[in-house]
Amino acid sequence: MRPSSIFAALSLALVGCAGPSSYPIPAVTDVVATTEQGGKFLSFVGPRRQFAEPFLGVPDTNYDLLRTFIDTRNGERAEQLFVENSYFGKEREWNAARDGQGQALKFVPVSKNEITCQAECSYAEEFAAVLPDAVLRGSPQGVSVTFAAKSGETLKIAVPGEAIKKQLAAVDSALAAQPVAPPPK
């Protein structure tokens, strides 16, 4: 299996078992590490950053964060920029992501919920873009990801270098203390 296929499979497998609602809300500066599926996976969830006002004042909306999943059995690693977007109006249907240079990134749909359609429709969508480790390590000033939706909407998320540094330091520190199986050749 190609590495990109492995990352996609790992990302999708973990989405169902480790959605963001199961994570504690980390303090502003923390990366939270947990084990999933009886220790088969390690997950690292970075601090939430608001990219827009909380939807209807609800704090757990309109945020992004970095997250890393590691398969402890084979060392496979998947790193993502995760986004929660709540809004009024026409359903957006987020479906694509590009980096700051316009290169396509693997898009991972997570969930889509209609909140209500009484007076006006509102939706909550969760999605992610896979960010290769080499891109994160090679971007000390930060990275930019632009998401696109079928509706024509775009959403640009800037991930600051400090957030990347904290995410990688937490993952590297945990792996140094608890090594996992090396990735297959």
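Among the candidates Val135, Val110, Val130, single out the residue that is closer than 20 Å to Ala52 by Cβ and among the β-branched types (Val, Ile, Thr).
One residue alone meets the criteria, Val110.
Got a number for residues in the range 59-104 being farther than 17 Å from Arg137 by Cα, in contact (Cβ under 8 Å) with a residue 24 or more places away in the chain and of a type in the set (Phe, Trp, Tyr)?
Within the range 59-104, residues that are farther than 17 Å from Arg137 by Cα, in contact (Cβ under 8 Å) with a residue 24 or more places away in the chain and of a type in the set (Phe, Trp, Tyr) number 4.
Is it true that some residue in the range 121-130 is more than 26 Å from Val58 (Cα to Cα) and either out of contact with any Pro (no Cβ under 7 Å at 6 or more places or on another chain) or assigned to a loop (DSSP other than H, G, I, E, B) (or both)?
Yes, the range 121-130 contains at least one residue that is more than 26 Å from Val58 (Cα to Cα) and either out of contact with any Pro (no Cβ under 7 Å at 6 or more places or on another chain) or assigned to a loop (DSSP other than H, G, I, E, B) (or both).
When the range 98-110 is examined, which residues are found to be exposed (fewer than 14 other Cβ atoms within 10 Å of the Cβ) and in a strand (DSSP E or B)?
Residue satisfying the conditions is Ala104 alone.
Any read-out appearing in this document is the output of simple, stated calculations on the displayed coordinates, not a laboratory observation. All figures in this text were calculated on a predicted structure; none of them were measured in a lab. Here Cβ is always computed from backbone atoms with ideal geometry, including for glycine, and neighbour counts include all displayed protein chains.
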